[in-house]
Amino acid sequence: MLPAEDWLNRRYQIIAFDWDGTAVAGRLEDTTRLRGPLERLLVSGVTAVIVTGTKVATIDGQIASTLPAFAKSNLYVSSNRGSEIYGFPAPDGRPLLLHRRVATPEEDRVLTEVAETLRRQIVERTGLDLQVIYDRLNRRKVDLIPIPAWADPPKAAMPRLRAVVEQRLQNAGLARGLTEAMELAAHLVAERGLDLRITSDVKHIEIGLTDKADAMRWLLANVAWPRGISIKDILVLGDEFGPTGASLGSDARMMVPELRGATFVSVGSEPEGVPATVIHVGGGPARFREILSRQAALWPLELPASPSVAQDWRLVEEGLDLPREHEIESLFAVSNGYFGTRAALPERTRLSAPGTVVAGVFTRKSHVGAIPELAHVWQWENLRVLVGGQPLDAEHGSIGHRRILDMRNGILWRQWEHRDAAGRITRIDGLWFASQTNRHMGLASISIAALNHASLVRLESVLPHGVEPVGANGILTFSQRPPGAEVALAFAVADRVIAQDGTIVAAQVHGAHECTLVSWDFHAALGCTHRFERMMAVATSRESERPHDEAVQIVSDAQARGMEHEVRTHTAAWERNWQEMDLEIVGDHHAQRAVRFAMFHLVSAANPQNERVSIGARSLSGGGYKGHIFWDTEIYMLPFFLLTNPTVARALLMYRYHTLRAARAKAAALGLRGALYAWESADTGEEVTPPLLLGPDGLVVPVYSRDQEHHISADVAYGVWSYWRATLDERFLQDAGAEIVFETARFWASRVAHQSDGLFHILGVVGPDEYHDSVDDNAYTNVMAQWNLERGAELARFAEHRWPRWWREISARLNLAPHEPDRWAEIAAAMYTGFDPASGLIEQFRGFFALDEVDLQALEPRTAPVDMILGRERTRRSQAVKQADVVLLLYLLWDRFPSGVHETNFRYYEPRTAHGSSLSPSIYALVAARLGLMDKAEQYFRQAADIDLANNMGNSGGGVHAAALGGLWQSVVFGFAGLWTDGDQPRVMPHLPAQWSRVRFAIRWRKERLPMEMGLPRAASGWSELREATP
Amino acid sequence: MSGTVLVPLDGSHEAEAAVPVAKMLAGLLDASTQTLHVDPPEDPADGILFNATHRHSVAIVVCSHTGAAGIVNGLGPVASQLLQRSPCPLVFVPPGRGRARWRLKRILLPFDGTPATAWALGQLAPLAHRTGASIEVVHVVGPGVNVPAERGAITAPRYIDQPQHEWPSWTHEFLERVACLGHLSLPQLRLSMRMGEPAHEIAILSQRPDVDLLVLVWHGRLEPHRAAVLRRVLKATACPVMVLKIDACSAGL
C-alpha cells in the first residue's frame, strides 16, 4: 500500500513512464489491469507518454490497440530509445509517426565503426564471442553474452544476468567487467569527439544517436510548453534511475535539466540507490499500476456528455409522478428508426411499461383473428442498483429526481439522488440513446456515487435465457424470435463497470432457466464514483444472413472506439440533423419547444436506410396501435421528410411500393382492379385492421374503416406525387412511384359507379370523418380519387412522350390497355365532387346538409368524445364531424377551388367539427393561418401542440402521436409561414402570430437547400418568392 | 387480531343492521368486532370516536340512521358527525337491510380518474385481496363534466383516433392506474363506463341488487356544492357504503 504522500495526491497533467520493468514485467504480459487506469487518465485529459527502447508495434500490440480510439488522442509512445515519437489520433486511433530522428550516412558509418571497434577491442582482450546488432534505428548494440540461454532475459532476471555477465567478462580478462567495457566505449566516443549516447541494459552496450532524454525533450517542446503545462505537473516513472554498475540507469536519461521540478519516481529495485531527486517506492509493475490507479481516482468519473441547458431544446420531468409514468416513458423515448426504447426507469416502478421494439418486426399470436403487432424485444436498458443489499427504488426514498430529454443531442438523461432507510445517499446520473451513427446500437452510461457512505454496491441487469460469451472482450450475445415473427433477432452487448481509479469491476453471469442475470459487485468508497457502460447492438435476419455476427462486430467495433467516441459521433449526427431541419420560432418558447419536440420524434422514427418499414401511428415510442401504419404517414408525416430529408421520404414511399402486391390483392378480393392499400398495415401490407371493436360501453361494433376507408390509396398516390414534385427523382418514379400512381388510378376507375346523372360516384365509404360510415360521395374521397385519376392519366402521357421505351415496358408489365389513361381522365372529368358553385360549399357527403345540426359548444365542458356523448346512431344522423375532412381537402388541393371557397367552407365546418382525432387541430390551424384567421389559427395550434406535451388525449402512454406531430410542423410551415409548393418555385405568404417575431427554416427543393426567414418587420400581405427571403 | 371493527348501537332495531356487515368485515380483516353502546347524556359521536381511536379501529360500521329525526343526506345526526370526524374508514349500512347475512362478492367503485382517489383505495386493498371480490370500476363521463384539474388524472380521451385500438388500450391504462396506485389486483377489476351526471349515475348503480358494497372516496368536505356524489348516494343506496377519506399524506410520493 502506498503512503498518502503529497506527491501521490496531486493530479499530474503529464505522466511519462518507462515500459519494460516499470509498467510491465515483460513484453508478453497481459495488460488488462493496466488498461483501466490508463484509459481513465487519458479520457480525463492526462497526457501519457510511454518511453521504450522497443518498437512501437510492441507497445501497440501490448496495450495501445486495446484502448478505445477516443481515449488515445492523449497517448504518445517514444520508441527506439527516443528516436521516434508516435501519436494515436482520432478517428481510428492507429499509431501515427510524429517524429523520427534520421541518421545521416556518416552518422551510420560512425555508429558502426564505434560498435565494431568496441567489439574488436574486447574480443582482443578476452577472446570472448561478442556480436554487434545492427538492425536498430540510430544505434548499434554490442551483445556481451550472445548465448541462447540469455537471448531475451526478463527484467526479473537482471540481478542474475548482471552476475553472469560480470563473471564472464572478468574471467576472460576484463578485470572490472562491465564497468571497464563501458569505459572502453566512452573512450572510443570521446576520442572521436562525437555526441553519441552510451547505455547498457547489462546484456548489451548500446551506442546510439538518441536516448530517453530525446523523448523527454520532444515531450516538453511539443506537448508541455504549447499547452502551458507546468513542469511540476509532470510525473516521470521508471525502474532504473540509480546506477547499474558501470553506468547510470537507463531511466536516469529522462532526468533532463529542463525537467527540474518534475516528480521522478522509481518502482524498480534500485540496488545501488537512486539520485536524490528521485522518489524510490519500489514494487515493480504492481506498484506502478497502483500509482496510476491513485492518479486516476483523483479525476472525477464524469459521464461522457452533459445535457443541453437551453429550455427550447429539452423536456424536463421533475420528480416521479407515478400516474404519469406511461406518458413520460413515451414522450422521453429514444429511437432511431431501426429500434425504439421507452424511457422506463431502468429499475422499474409499479407503473412501468418498458418496451423496446424493432421497426418492422411484428409478432403474430397464434389464436384465430390475432392481429400482428410490433414485437417487444429485450429491454436492454434494465438495471438495478443495490446498496448494502437494498435495491434503490425511485418510488421510495428519492430526494431528487429529474429526467431530461435532450432533443438537441438525442439523449435521455436521468439525475437521481436516493436516500435509503439507513440514511445512505446515493447519486445516480445516466444517459441513454439510440445511436444515429449506427442505428443498430443502443448505448447507456450511468454513474453511481456514494455521497455520504461507503457501502457494498451491486448492479444487476437481466438478459434473456441462452446468453453466450463471445471472444475475450466480455461481449455477450443471444438470439430472440418473437412468436410468429418472420425474422430472428440477434443481440450483442458489451458492459463495463469502471471504478474511479480505472479498475474494471468483474461481471458475474448467472444463468437461469428463464433468464440470465449479470451482476457487478464493488465497494463504493465515500464520495467515489463508479460508471456502468452498456453498448448494445441488435441485428435481424431481415437485413443480414448472419445477424449474430453482425451484432457482435458492431459492438466490438464500438468497444474499440470507446463510449466517448460513440456519444460524440451520435451528438454530431444530431447536430447535422438540426442544421438541416431546424425550425426556429423566435418569441414563443412554448411553440418553439413543441415544434422541436415534433421534429425530434419524427426524425427518431425514421430510417432512411430501410425501405421495408414505415412509421407507425405511435412511432417507435410505444405499443399503441400495435405499430400499424395508416394514411397518417403519407398525409401528415411525409411532408416534413420531403422538405427536410427526401431520402427518408423516399424510403417511406418505397414501403408502399413493396406492399403493392398486398394492395392489389385487397382490391381483387373486392372484385376491383388496381391497388387498394390496407387501412392498417404491418410488415406485409396486408389488411390488419381489427374487424370488430369492443367499446367501453360493452357494445361490439364493426370497424368500418377496414372495409370502407378507401381514400388511403389516393393518399399514398398523393405522397408519391408530392415527392416527385419536390425532388424530380425520375429514377424513383420509374422504379416505383409511377406504378403506385397507375395502380391506384386503376383502382378508382374500377371503384366508381356511373349513375343516371351522367357523373361518377363513389358509394359506401368512410371519409376522414369516421363518425359517418357507409356514406356516398364523401367529398374528400371523391376529389382525391379524381386527382389520383388525373395524375395517372397525366403521368401516362408524360411517360409515353418522355420515356417511350420505359412506358412500353411498364404498360406491358401492368397490362395497361392503351385506352386506360384516357378513361381515367374521362372519369375524373365527370366525377361527382359535392361542390356547389352557388354557395361555395362542398357537401362532405351526399345528404350531409340534411342531417341534424348539433351544437358542439353546448356539450362543453366534456370528458368524452362527441360520438360517445351523442351515441352512435345520433352521431350518424348529425352533422358532427370527427376531424378535418373537407377542410383537409381544401388544404391538400387548395388551388382546385376558387378563391373564397376555402373560407366559406372553413367557417361552415369549423363549428361542426368535434376534433375527435389528434389529426384535426393542426389542419384547422394551418388553414386558419392561411386565411388569416389568427385567433382560430393560434387556438388550434396550441391544441395541436399540447396533444402529447399536455397529454390532453389521455393516451400518450401508448406512444407519441406521430401524425399529430407531423401536422404540427405542417401548420407552421404551410400555415403560419405560408409556404406554397404548388408551382415549380416555392413561395411564401406568411401569417405569423403576433408573438412570433421571427421564423427561420430551410427546405430541400429539387436538390437545392432553400433557407427562409420571415418576421419583423412584418411582410406586407402578398406573395414573396422564396428566393427573396434567402439571406 | 390486528384491530377492531367498531359497531355503535343505540338499542334500536335498525342499528343492528350494521352487525352482520361488521362481523363479516372483521373476519376478513383479522379484526375483532367491538360493539359499543353509548348512553346519553354522553355525546354518542364523541364516545364512538374516542373508542375508535383508542381501540385502533380499522373501520366503523354504523347504521346510516335509526330514526326519522335529523336526517341529512341520508345520515342521522350521529352518522353525520362520524362522517366528518372519523379517523378510519366508515361503512354506512342502510337500516332497511336488516340482519340478513352479508357477503362480499361484488364491489362497486366509482372512480373519477384522479391519483388522489386512486391512492386512497389503498385502504380498500386488504379487503379486496382477502375476498377476491369482483370490483366494478365505474367512470362517469359526459357533457357538463369538467376534466379533473389534478395532475396525472385520467379520464375518457377527448379524441379517439382509431377506436379499435384506442378503447382497449385506454381501458387497460385506466384500470392499471387504479390497480397500481390503489394496490388492487388488476384481474379483479372491470370497467363500467357510464354517460351522464356522475351523482345521478352512481346513485342509480348503488341500487342494483347484485352490489354488495359501494366504495366512495371523499375529499372530506361537505360545504354546499361539494360531495354531490356522496350526498346523493347515501340517500339512495340499498347496499352498505364504505367511505374512504383522501389522506393527503398517502396521495402521491
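The values are calculated or read from the model by the stated rules, or taken from the named source; none is laboratory data. Every value quoted in this text rests on a predicted model; they were computed, and no experiment measured them. Backbone-built Cβ (ideal geometry, glycine too); neighbour counts: all protein chains shown.
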| task | Scan the stretch A:81-106 residue by residue and report those that are surrounded by 13 or more Cβ atoms within 10 Å (Cβ to Cβ) and under 20 Å from A:T569 (Cβ atoms). | result | A:F88, A:P89, A:A90, A:G93, A:R94
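For the stretch B:143-158, what are the residues that are in contact with a Leu (Cβ under 9 Å, 6 or more places away or on another chain) and either buried (at least 20 other Cβ atoms within 10 Å of the Cβ) or not in a loop (DSSP other than H, G, I, E, B) (or both)?
Narrowing the stretch B:143-158 to residues in contact with a Leu (Cβ under 9 Å, 6 or more places away or on another chain): B:143-144, B:152.
B:P143, B:G152 - these are the residues of the stretch B:143-158 that are in contact with a Leu (Cβ under 9 Å, 6 or more places away or on another chain) and either buried (at least 20 other Cβ atoms within 10 Å of the Cβ) or not in a loop (DSSP other than H, G, I, E, B) (or both).
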| message | Could you check the stretch A:320-332 and list, in sequence order, the residues that are in a loop (DSSP other than H, G, I, E, B) and more than 7 Å from every other protein chain (Cβ to nearest Cβ)? | response | A:F332
| request: Could you tell me whether any residue of the stretch A:961-974 is surrounded by 24 or more Cβ atoms within 10 Å (Cβ to Cβ), of a type in the set (V, I, T) and within 14 Å of another protein chain (Cβ to nearest Cβ)? | output: no
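Where in the stretch A:883-959 are the helices (runs of 4 or more DSSP H), entirely inside, with at least 2 residues that are among the basic types (K, R)?
A:934-949
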| Among (1) more than 30 Å from A:P547 (Cβ to Cβ); (2) of a type outside the set (D, E, K, R); (3) touching a residue at least 60 places away in the same chain (Cβ under 8 Å) - the single one A:G423 does not satisfy | (3)
| remark: Matching residues in the stretch A:650-691 (away from every other protein chain (no Cβ under 14 Å), at negative phi and not in a helix (DSSP H, G or I)) number 10
| query | Just one of A:A662, A:A649 is in contact (Cβ under 8 Å) with a residue 24 or more places away in the chain and touching a Gly at 6+ places or on another chain (Cβ under 6 Å); which is it? | reply | A:A662
| note | Note on B:G113: of the conditions (1) on the phi > 0 side of the Ramachandran plot; (2) more than 10 Å from chain A (Cβ to nearest Cβ); (3) under 16 Å from the mean Cα position of the chain (by Cα), unmet is (2)
| query | Being over 22 Å from A:R751 (Cα atoms) and either part of a helix (DSSP H, G or I) or at pLDDT 95 or above (or both), is that true of even one residue in the stretch A:774-784? | reply | no
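Taking the options A:G695, A:G737, A:G767, name whichever one is more than 30 Å from A:W806 (Cα to Cα) and at pLDDT 95 or above. Step through it out loud before you land on a result.
Values: A:G695 fails: at pLDDT 95 or above; A:G737 fails: more than 30 Å from A:W806 (Cα to Cα).
Of A:G695, A:G737, A:G767, the one residue that is more than 30 Å from A:W806 (Cα to Cα) and at pLDDT 95 or above is A:G767.
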| Do we have any residue at all in the stretch A:138-154 that's among the polar types (S, T, N, Q), more than 17 Å from A:T179 (Cα to Cα) and in a loop (DSSP other than H, G, I, E, B)? | yes
| remark: In the stretch A:210-235, residues that are over 15 Å from A:G261 (Cα atoms), part of a loop (DSSP other than H, G, I, E, B) and in contact with a strand residue (DSSP E or B) (Cβ under 7 Å, 6 or more places away or on another chain) total 2
| remark: Given (1) within 14 Å of chain B (Cβ to nearest Cβ); (2) without any contact (Cβ under 8 Å) to a residue 12 or more places away in the chain, A:V866 misses just (2)
| Conditions (1) buried (at least 17 other Cβ atoms within 10 Å of the Cβ); (2) more than 18 Å from A:F17 (Cβ to Cβ); number of the one not met by A:S44 | (2)
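So that you can scan it fast, the table gives a plain yes or no per residue for (1) closer than 27 Å to A:W299 by Cβ; (2) crowded, with 19+ Cβ neighbours inside 10 Å; (3) touching a Pro at 6+ places or on another chain (Cβ under 6 Å):
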site: A:S519; (1), (2), (3): yes, no, no
site: A:H523; (1), (2), (3): yes, no, no
site: A:R534; (1), (2), (3): yes, yes, no
site: A:V538; (1), (2), (3): no, yes, no
site: A:S544; (1), (2), (3): no, no, no
site: A:H548; (1), (2), (3): no, yes, no
site: A:H570; (1), (2), (3): yes, yes, no
site: A:R576; (1), (2), (3): no, no, no
site: A:Q579; (1), (2), (3): no, no, no
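How about the stretch A:718-733: which of its residues are crowded, with 23+ Cβ neighbours inside 10 Å and either at pLDDT below 95 or more than 19 Å from A:E800 (Cβ to Cβ) (or both)? Lay out the reasoning, then the answer.
First pass over the stretch A:718-733, keeping only residues crowded, with 23+ Cβ neighbours inside 10 Å: A:718-720, A:723, A:733.
If the condition is that a residue be crowded, with 23+ Cβ neighbours inside 10 Å and either at pLDDT below 95 or more than 19 Å from A:E800 (Cβ to Cβ) (or both), then A:Y718, A:G719, A:Y723 are the ones that fit.
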| Among the residues listed as A:E290, A:E240, the single one being under 24 Å from A:I63 (Cα atoms), under 44 Å from the mean Cα position of the chain (by Cα) and among the acidic types (D, E) | A:E290
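Sort out for me the strands (runs of 3 or more DSSP E) sitting completely within the stretch B:1-113 that have 3 or more residues that are hydrophobic (A, V, I, L, M, F, W, C). If you could, list the steps in order and put the result at the bottom.
Details: elements: B:4-9, B:32-37, B:57-63, B:90-93, B:106-110.
So the answer is B:4-9, B:57-63, B:90-93, B:106-110.
Look through the stretch A:734-781, keep the residues that are among the hydroxyl-bearing types (S, T, Y) and more than 23 Å from A:A830 (Cβ to Cβ), and return whichever of them is surrounded by the most Cβ atoms within 10 Å (Cβ to Cβ). Show your work before the answer.
First pass over the stretch A:734-781, keeping only residues among the hydroxyl-bearing types (S, T, Y): A:744, A:750, A:756, A:771, A:774, A:780-781.
Filter once more, keeping what is more than 23 Å from A:A830 (Cβ to Cβ): A:771, A:774.
Details: A:Y771: 23, A:S774: 13.
Looking at the filtered set, the residue picked out is A:Y771.
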| request: Please list, ordered by first then second residue, the pairs with beta carbon atoms under 6 Å, 6 or more apart or interchain, first in the stretch A:692-707 and facing another protein chain (nearest Cβ under 8 Å), second part of a helix (DSSP H, G or I) and of a type in the set (A, V, I, L, M, F, W, C). | output: A:G695/B:W167; A:P696/B:W167
| said: Looking at A:A69 and the list (1) more than 23 Å from A:A297 (Cβ to Cβ); (2) more than 29 Å from the chain's Cα centre (by Cα), which single condition is not satisfied? | reply: (2)
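For the stretch A:909-944, which residues satisfy the criterion of being more than 14 Å from chain B (Cβ to nearest Cβ) and buried (at least 21 other Cβ atoms within 10 Å of the Cβ)?
Taking the stretch A:909-944 first, the residues more than 14 Å from chain B (Cβ to nearest Cβ) are A:909-912, A:925-939, A:941-942.
A:Y909, A:A925, A:L926, A:V927, A:A928, A:A929, A:R930, A:A937, A:F941, listed by residue number.
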| query | Would you pick out the residues in the stretch A:507-526 that are within 20 Å of A:G466 (Cα to Cα) and of a type in the set (A, V, I, L, M)? | reply | A:A507, A:V509, A:A512, A:L517, A:V518
| task | Could you figure out which of (1) surrounded by fewer than 23 Cβ atoms within 10 Å (Cβ to Cβ); (2) touching an Asp or Glu at 6+ places or on another chain (Cβ under 9 Å); (3) within 28 Å of A:L489 (Cα to Cα) isn't true of A:S435? | result | (1)
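Which one of B:A18, B:A52 is in contact with a Cys (Cβ under 8 Å, 6 or more places away or on another chain) and touching a residue at least 60 places away in the same chain (Cβ under 8 Å)?
Numbers: B:A52 fails: touching a residue at least 60 places away in the same chain (Cβ under 8 Å).
None of the others qualify; the one that does is B:A18.
Restrict the check to the stretch A:286-296 and report whether at least one residue is in contact (Cβ under 8 Å) with a residue 60 or more places away in the chain, among the aliphatic types (A, V, I, L, M), outside any helix (DSSP H, G or I) and crowded, with 21+ Cβ neighbours inside 10 Å. I'd like the intermediate steps shown before the answer.
Initially, the stretch A:286-296 is screened for residues in contact (Cβ under 8 Å) with a residue 60 or more places away in the chain, giving A:287-296.
Retained after the next criterion (residues that are among the aliphatic types (A, V, I, L, M)): A:291-292, A:296.
Within this subset, residues satisfying the condition of being outside any helix (DSSP H, G or I) are none.
No, because not a single residue in the stretch A:286-296 is in contact (Cβ under 8 Å) with a residue 60 or more places away in the chain, among the aliphatic types (A, V, I, L, M), outside any helix (DSSP H, G or I) and crowded, with 21+ Cβ neighbours inside 10 Å.
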| Can you tell me which residues in the stretch B:187-210 are more than 11 Å from chain A (Cβ to nearest Cβ), of a type outside the set (D, E, K, R) and either part of a strand (DSSP E or B) or surrounded by fewer than 17 Cβ atoms within 10 Å (Cβ to Cβ) (or both)? | B:P187, B:L189, B:H200, B:I204, B:Q207, B:P209
